[in-house]
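**Q** Sharing a structure below in structure tokens format, with a few things to ask.
The values are calculated or read from the model by the stated rules, or taken from the named source; none is laboratory data. Quick caveat, the model's predicted, so the values are computed rather than measured. Don't worry about glycine lacking a Cβ; one is built from the backbone with ideal geometry, like all the others, and counts go over all protein chains shown.
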Amino acid sequence: MMAVQLWQLLDLLLAGLTLGLGWAAVSGPDLRRSVVFFIAFGLLVAVVWARLRAPDLALAEAAIGAGLSGALLLSALRDEPDAETSDDVRGGPVAALVSLAGLALAAAFAWVMIHTLGAADPVRLADQITAQLPNSGVGNPVTAVLLNFRAYDTLLELAVLLAAVLGILALGPARTPYRAAGPLLDGLIRWLVPLLILTAGYLLWAGAHAPGGAFQAGAMLAAAAVMLRLGGHTIAGLPRPPMQRILLTAGIAAFVLVGVITTGLGLAFLQYPGGWSGGLILLIEAAATLAIATTLALAYIGGRPAGWVSEGSADTTTKIGGRD
Amino acid sequence: MLFAEITYALTGIGLFALGLRGALLRRSLLGRIIAINVCGAGVFMLFVAIAYRGPGQAPDALPHALVLTGIVVAVSATALALALGRRLRDSDHE
Amino acid sequence: MNSLPVWPIMLPLGAALLAVIWPRRSAWIGIAAGLATLTAVGLLMAQVASRGTLVHALGGWEPGLGIALRADALAVALLLMSSLVALAAGWYATGYFRDADRQSQFWPIWLLMLAALHAMLLSADLFNIYVTLELLGLSAVALAALGGGRAAIEAALRYLTVGLLGSLAFLAGVAVIYARYGTLDMLTLAGLIEPEPASWLALALMTAGLLVKSALFPLHFWLPPAHANAPAPVSAALSALVVKAAVYLMMRLWLDLFAPALDPASAWLLGLLGAAAVLWGSWNALRAQRLKLLAAYSTVAQLGYLFIFFPLLAALPAGPARDTAFGALVLMALTHAFAKSALFLAAGMIQQQAGHDRIEELGGTARALPVTTFTLALAGVALIGLPPSGTFLAKWQLLSSAFALGQWLWVPVVAAGSLMAAGYMFRVLGFAFGPGDGAMQKLVDGREELPALLLAIVATAVLGLGAAALWAFVAPGALLMGAQR
């Protein structure tokens, strides 16, 4: 009884803090403070995921949602010296109207959800997943859904990553690199980068039966790349551009190849033949890890790295005022 | 209907509305991007809340997979938006 | 297991990967992929025409646990439209981008956009549709930003932020559906949806997201700058295909999946917004100074017509009248796609030759670029709605349904819209046929004008004369998933 009330208190506290940090991130006039609040918000959301028994999500949120997004926002902030805008949130009657509409929407939404959650069957698809888990080739149900039951969604998601990074690469060359790191940061990087790579390998392997998987592993590798870049290594540990192109496409390519082979065998697209599921999933996840890492690293670098353009032609930035 | 489920579902709805309001009212690109991300976190929280089935049972893995997909999509979009913003700023300084 | 529905998605996707790895061969890869995709779509169409709706359960899992692809007549008709327009615009693009680097940047993203479009048309899973929406949105933004100028980047950024909010609203709706019904598979949901607050909220959220993406008044503000400043082939795809995808989803949700939960009167809101779009868009097209901006505003107006069909279809009981009206809606969507892409490609041609696209300085275009001017004229016929274009038949059907149902409001709106369309198209043609030299350079390659011309011919002649065949193909599927009950 006491334990239940304690948990409820914890939940209320956590929920309240999350809302508070979200409010601070969204409504603060100072941009720098907003970014920091947002990173804290992301980490708190990761704690909420852990509370709700979603460790895979907690890992991903901390690494990608708070970590990488935070790193991207901080670098964008660096390029914006005039972040003192004390006037960033619009005021006036229009703002009041928007706020009122938002409140009404939230109220209606909340009412419907309370009504629905009280009445509906809470089982949904969970039982089906549990029932089919032994046939999926892995032990972690989230990995089973991502790489087997709904592998097609993951395939398209990798395509979303690719589209975003291609757009970023088309816009222009990379951001200004950082100075070479001092001895303290350099020493730290020398320790952390190998550790991150090892952790990535572990997460990839463990993702089959424990929390982890390709996305978390890829995010670890991307974090290593970000560290290297911040330490002054411009290339951030990436291989030369022709290899980068291959890595970017590796995840989707693995999926498509496996899918084409399965259709050739007369099965459905991405229907793994009996007994092969575990091995194929690991293969695809490995390719996806490399692809995700390369994509996120290039996204952080912010543009074409040196040597990206094919031999002989000049590096063309998106020309302002031109048409091609 | 579990207490945790409803608490976090309502928090998610609150964040969704907060983020939406922020995205409409903020002037700077960075502020809008943060607001959109908070909005997304709200929707994700709604999914994960309905996936929770209490301390005794394993949660519903489907929404977890959906949210993982959503997190990755969100970071891709954020990166693209920031790159576009940077290009815009560079063009202003040219 | 018939895996034909998979190919229209995997062929462009695989080609995109190849185009990333071999950037210097990207144009060849792109055109080859376009032809292969068209072939796959043709085969799929033949199968659906002879055997009816095709379902493919991806991964072999039961839909619900897994994701299903579903090819019915509506989806296949739009797939054909998409493959043809994309092939023509892609062919044009090989000549448009003079810079080799721009070419190699264009093709992978273009192919990803095509894959996203086809994936969306064939998807039967709500969350999968969300992912395809995001892929489509991001690739469209990346393509729009290839325009390069400050205006293009600013417009692309606005498109991105607005589009993201729309996608999140859609996702929120999906969450409500999963919470209430416990599945994301549209085939299963078709039998489950009931008229209750959860359904209404979900539909409202998803609709809000889709209205942003289909640029329905008053959420259209992002479209004119984005479409006007993008490179010509990209503008063609954006106006003809990308916004159509959102309208297609609206059709699936309102006329199919959620139809049992809806009161016919609720569709009036869509119709009224559509009417406002027709009037506002046509008025601004009349006032536009630049040809591409005119085309973009025209898109806003033409999409408005599509939404006017919604209250009519909602009010008609199932039967031949509804089937015909539904066929008219599809015909109008298809004709607009071909006509608008032709218009944008022609505008791109003019812009490259003259260095600008200011309408009042178009004098002499008819002499310098006769084929392109003819294309403009044909596209104009299809946009205004003169016979024998498909638009004429569609608008005729729209008006008869309106008369039959007593929904008189739409009649003056359609009339006014068509008159204004005549106004702005004839204005352009008037200047084009007028005197002047327009500082035209000598035309480099006459073949570059061909894709636009072919598109315009399809819009004006083929779709109009072949409308009966289209009607017969699409109409029986008018009840789509509802027939499963």
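**Q** Which residue, of C:Val20, C:Val55, is outside any helix (DSSP H, G or I), of a type in the set (Val, Ile, Thr) and over 21 Å from C:Ala469 (Cβ atoms)?
**A** C:Val55
**Q** If you scan the range A:136-176, which residues turn out to be within 19 Å of C:Asp185 (Cβ to Cβ) and not aliphatic (A, V, I, L, M)?
**A** Hits for the range A:136-176 are A:Ser136, A:Pro141, A:Asn148, A:Phe149, A:Arg150, A:Tyr152, A:Asp153, A:Thr154, A:Glu157.
**Q** Let me ask something else. Given the options A:Phe215, A:Phe269, A:Phe255, name the one that is in contact with a Ser or Thr (Cβ under 7 Å, 6 or more places away or on another chain), surrounded by 19 or more Cβ atoms within 10 Å (Cβ to Cβ) and in the same structural domain as A:Leu188 (by TED's automatic domain parsing).
**A** A:Phe269
**Q** Shifting gears a bit: What's the number of the only condition in (1) more than 12 Å from chain A (Cβ to nearest Cβ); (2) buried (at least 19 other Cβ atoms within 10 Å of the Cβ); (3) closer than 25 Å to C:Leu138 by Cα that C:Leu58 fails to meet?
**A** Of (1) more than 12 Å from chain A (Cβ to nearest Cβ); (2) buried (at least 19 other Cβ atoms within 10 Å of the Cβ); (3) closer than 25 Å to C:Leu138 by Cα, only one is false for C:Leu58: (1).
**Q** If you go through the range B:37-77, how many residues are under 22 Å from B:Ile13 (Cβ atoms) and part of a helix (DSSP H, G or I)?
**A** Adding up the residues that qualify gives 28.
**Q** Tell me which residues, restricted to the range C:23-37, are buried (at least 19 other Cβ atoms within 10 Å of the Cβ) and of a type outside the set (S, T, N, Q).
**A** If the condition is that a residue be buried (at least 19 other Cβ atoms within 10 Å of the Cβ) and of a type outside the set (S, T, N, Q), then C:Pro23, C:Ala27, C:Ile29, C:Gly30, C:Ala33, C:Gly34 are the ones that fit.
**Q** Restricting to the range A:116-128, name every residue that is within 7 Å of chain C (Cβ to nearest Cβ) and in a helix (DSSP H, G or I).
**A** Matches in the range A:116-128: A:Thr116, A:Leu117, A:Gln128.
**Q** Going through C:Leu279, C:Leu316, C:Leu291, C:Leu286 one at a time, which residue ends up being within 25 Å of C:Leu74 (Cα to Cα) and out of contact with any Pro (no Cβ under 6 Å at 6 or more places or on another chain)?
**A** Answer to the selection: C:Leu316.
**Q** Also: Considering only the range A:3-40, how many residues are closer than 22 Å to A:Gly65 by Cα, out of contact with any helix residue (DSSP H, G or I) (no Cβ under 6 Å at 6 or more places or on another chain) and among the β-branched types (Val, Ile, Thr)?
**A** Going through the range A:3-40 one residue at a time, the tally reaches 1.
**Q** Moving on to the next point. Mind checking which pairs have a first residue in the range A:30-52 that is at the interface with chain B (Cβ under 7 Å from one of its Cβ atoms) and a second that is part of a helix (DSSP H, G or I) and among the β-branched types (Val, Ile, Thr), Cβ under 6 Å, 6 or more apart or different chains?
**A** If the second residue must be part of a helix (DSSP H, G or I) and among the β-branched types (Val, Ile, Thr), the pairs left are A:Ser34/B:Ile34; A:Phe38/B:Ile34; A:Leu52/B:Val48.
**Q** Filter the range A:259-292 for residues that are closer than 13 Å to A:Phe149 by Cα and aliphatic (A, V, I, L, M) and give the result.
**A** A:Ala268, A:Leu270, A:Ile281
**Q** If you don't mind, there's one more thing I want to ask. Among the residues of the range B:63-82, write down those that are among the aliphatic types (A, V, I, L, M) and either within 14 Å of the chain's Cα centre (by Cα) or modelled with pLDDT under 95 (or both).
**A** Selection gives B:Leu66, B:Val67, B:Leu68, B:Ile71, B:Val72, B:Val73, B:Ala74, B:Val75, B:Ala77.
**Q** So if I check each of C:Ala151, C:Ala208, which one is within 18 Å of C:Leu257 (Cβ to Cβ) and either at pLDDT below 95 or more than 9 Å from chain A (Cβ to nearest Cβ) (or both)?
**A** C:Ala208
**Q** Check every one of the helices (runs of 4 or more DSSP H) wholly within the range A:138-250 and list those with 1 or more residues that are without any contact (Cβ under 8 Å) to a residue 24 or more places away in the chain, within 12 Å of chain C (Cβ to nearest Cβ) and farther than 23 Å from B:Val75 by Cα. Before the answer, list the steps.
**A** Working: elements: A:141-144, A:151-171, A:183-206, A:214-230.
Qualifying helices (runs of 4 or more DSSP H): A:141-144.
**Q** Starting from residues that are in a loop (DSSP other than H, G, I, E, B) and of a type outside the set (A, V, I, L, M), keep the ones in the range C:312-329 and report whichever is nearest to C:Ala275 (Cα to Cα).
**A** C:Pro317
**Q** Give me the residue from the range A:53-65 that is without any contact (Cβ under 8 Å) to a residue 60 or more places away in the chain, at the interface with chain B (Cβ under 10 Å from one of its Cβ atoms) and in contact with a Gly (Cβ under 8 Å, 6 or more places away or on another chain) and, out of that set, surrounded by the fewest Cβ atoms within 10 Å (Cβ to Cβ).
**A** Within the range A:53-65, the match that is surrounded by the fewest Cβ atoms within 10 Å (Cβ to Cβ) is A:Glu61.
**Q** Ok, one more. State which residue is surrounded by the fewest Cβ atoms within 10 Å (Cβ to Cβ) when the search covers only the range B:43-76 and only residues that are touching a residue at least 24 places away in the same chain (Cβ under 8 Å) and aliphatic (A, V, I, L, M).
**A** The residue in question is B:Ala74.
**Q** Only one of (1) crowded, with 21+ Cβ neighbours inside 10 Å; (2) hydroxyl-bearing (Ser, Thr, Tyr); (3) under 23 Å from the mean Cα position of the chain (by Cα) fails for C:Ser104. Which number is that?
**A** (3)
**Q** In the list A:Leu6, A:Leu17, which residue meets the criterion of being part of a helix (DSSP H, G or I) and at pLDDT 95 or above?
**A** Just one listed residue meets the conditions, A:Leu17.
**Q** Follow-up. Since A:Leu6 meets every condition but one in (1) over 24 Å from B:Leu24 (Cα atoms); (2) facing chain B (nearest Cβ under 10 Å); (3) without any contact (Cβ under 8 Å) to a residue 40 or more places away in the chain; (4) not aromatic (Phe, Trp, Tyr), which condition does it not meet?
**A** So A:Leu6 meets the others, but not (2).
**Q** Out of curiosity, is C:Val48 in contact with a Leu (Cβ under 9 Å, 6 or more places away or on another chain), among the β-branched types (Val, Ile, Thr) and surrounded by 24 or more Cβ atoms within 10 Å (Cβ to Cβ)? Walk me through how you get there before you give the answer.
**A** Working: in contact with a Leu (Cβ under 9 Å, 6 or more places away or on another chain): yes; among the β-branched types (Val, Ile, Thr): yes; surrounded by 24 or more Cβ atoms within 10 Å (Cβ to Cβ): no.
No, not satisfied.
**Q** Counting residues that are surrounded by 14 or more Cβ atoms within 10 Å (Cβ to Cβ) and modelled with pLDDT of 85 or more, which helices (runs of 4 or more DSSP H) fully inside the range C:387-467 reach at least 2? Spell out the reasoning first.
**A** Working: elements: C:390-405, C:410-432, C:450-457.
Ranges flagged: C:390-405, C:410-432.
**Q** Condition test on C:Leu249, is it at pLDDT 95 or above, within 30 Å of C:Tyr92 (Cα to Cα), part of a helix (DSSP H, G or I) and of a type outside the set (Asp, Glu)?
**A** Yes, satisfied.
**Q** Given the options C:Ala175, C:Ala179, name the one that is at the interface with chain A (Cβ under 8 Å from one of its Cβ atoms) and either among the β-branched types (Val, Ile, Thr) or within 29 Å of A:Ala151 (Cβ to Cβ) (or both).
**A** The match here is C:Ala179.
**Q** Condition first: in a helix (DSSP H, G or I) and either more than 7 Å from chain A (Cβ to nearest Cβ) or in contact with an Asp or Glu (Cβ under 6 Å, 6 or more places away or on another chain) (or both). Now tell me which residues in the range B:4-32 satisfy that. Outline the logic, then answer.
**A** Filtering the range B:4-32 down to residues in a helix (DSSP H, G or I) leaves B:4-25, B:29-32.
Within the range B:4-32, B:Ala4, B:Thr7, B:Gly12, B:Phe16, B:Ala23, B:Leu29, B:Gly31, B:Arg32 meet the criteria.
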